[in-house]
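Beneath this line is the structure, given in structure tokens, with notes to follow.
Just so you know, all these numbers are worked out from the coordinates, no wet-lab data involved. In this text, all values refer to a predicted model and were calculated from it rather than measured experimentally. No Cβ is skipped: glycine too gets one built from the backbone with ideal geometry, and neighbour counts run over all protein chains shown.
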Amino acid sequence: MDIRGLMRKTACMHLHVHVHSMLVFVFWVFVLANIGGTAAKVPALIVFGDSSVDAGNNNYIPTIARSNFVPYGRDFDGGKPTGRFSNGRIPTDFIAEAFGLKKFIPAYLDPKYNISDFSTGVTFASAATGYDNETSDVLSVIPLWKQLEYYNEYQNKLKAYAGEIKAKEIISESLHMMSLGTNDFLENYYTIPGRSSRYTPGEYENFLVGIAGNFIKQLYALGARKISLGGLPPMGCLPLERTTNVVGGNDCVPSYNRVALEFNGKLKNLTLQLHQELPGIKLVFSNPYYILQQIIRKPSLYGFDVTSVACCATGMFEMGYACNRGVMFSCSDANKYVFWDSFHPTEKTNQIIANYVVKRVLTPFL
């Protein structure tokens, strides 16, 4: 064999070894990725909370806290108002999609859906509710204890649908998400004299944290093991609060933001405490505060133009039916606005927050 032939043969052998090594490497990457994926993947997203995660439960109860009319939902699939307080999807819709479950989490009270739909995701949330029963009484919405009753009912339906063993497995592997608390402060404590005459802000925070802790323990007793506890946004920066902050030049209300930060700190401590108390629980704290604050402070980084007022109507104080009445004044491109109405983010903001939470907090469940 001449020298060229020998070199060709040697090169081929090296190439063969190299390709074989690469294939072995790719094979193990694939195997390990799939082992990680199947071990942690959640079969369903189960949601409790307020308007930040209500997909239309309030459409089916007698309350004015509704959004099942235009201009709500104008950028939703098919341009339909569903009862979501946004121009499109809400954070839990995006989170469900990130988990490979579905594009939309259905509302439990919506008669269009049944247990086969709910077996991969459901929301019991109700706009205008809170931890405190007195908060849900303000606009006659579904209190947290009632959401737990619906969850119990859901579990019975799931057992009938999937069988007892499979249903228990779905519950223990599903991600349970809680998102509420803003209304307890803005709709109740700072608006109605009752609670504020009995509690300092710090004492009221402790009262709510106690309710949150009990609720998580009840979920745990019903078989839930994977739970995300949501924190408060910078609630002093919601357009409604800025509109009414005339003395502060329509800027964010610092005292409200301080309370949100303080309350979030207590919720974070609660998650650490419950990890010690409840064996086998995977409890995380999902904090939207800093990402939303960053969007509000540096909107151009995220492609936004307007942060202080909302898209719907004048953008200063409207939400719910007031948005419907002012529909002709609503902005043409909601993607330029951080807020959709005076209290709720646009779909674009919701997506940014959801992506942040998935990447920073929920990765152990993916």
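Annotations for the structure displayed:
- In nm, spacing of pseudo-spin labels at residue 115 and residue 168 (7 Å Cα→C-beta vector): 1.7
- All distinct Cα pairs of the chain go into the 1/r average, and the inverse of that average, the Kirkwood radius, is 21.9 Å.
- Extension gain for the segment residue 247 to residue 153, taken as residue separation times 0.36 nm less the Cα-Cα distance, is 28.9 nm to one decimal.
- Within segment 109-151, backbone nitrogen closer than 20 Å to the virtual label 7 Å beyond the Cα of residue 322 toward Cβ: 127-130, 135-141
- Summary of packing: across the peptides 152-164, 229-241, the per-residue average of other C-beta atoms within 10 Å ranks them, highest first, as 229-241, 152-164.
- Overall form of segment 175-230 per C-alpha gyration tensor (a/c, 1.5; a/b vs b/c): prolate
- Check: segment 263-366 dipole with +1 on Lys, Arg Cβ and -1 on Asp, Glu Cβ, in debye: 360
- Cα gyration tensor shape of segment 166-307, rounded if a/c is under 1.5, else prolate or oblate by comparing a/b with b/c: oblate
- Cα-based helix-to-principal-axis angle, 347-360 vs the chain, degrees rounded to 10: 50
- Alpha carbon centroid spacing (whole Å) that separates segment 74-133 from segment 218-233: 18
- Cross-link table 168/217; 41/80; 41/166; 146/166, entries beyond 20 Å C-alpha to C-alpha: 41/80; 146/166
- Alpha-carbon centroids, segment 152-186 and segment 267-304: separation in whole Å: 21
- Sorting 186-198, 112-124 by average packing, meaning the other beta carbons within 10 Å per residue, from highest down gives 112-124, 186-198.
- Between 0 and 90°, nearest 10: helix 144-162 axis offset from the chain longest Cα axis: 40
- Between the helical axis of 3-40 and the longest alpha-carbon principal axis of the chain there is an angle of about 30 degrees.
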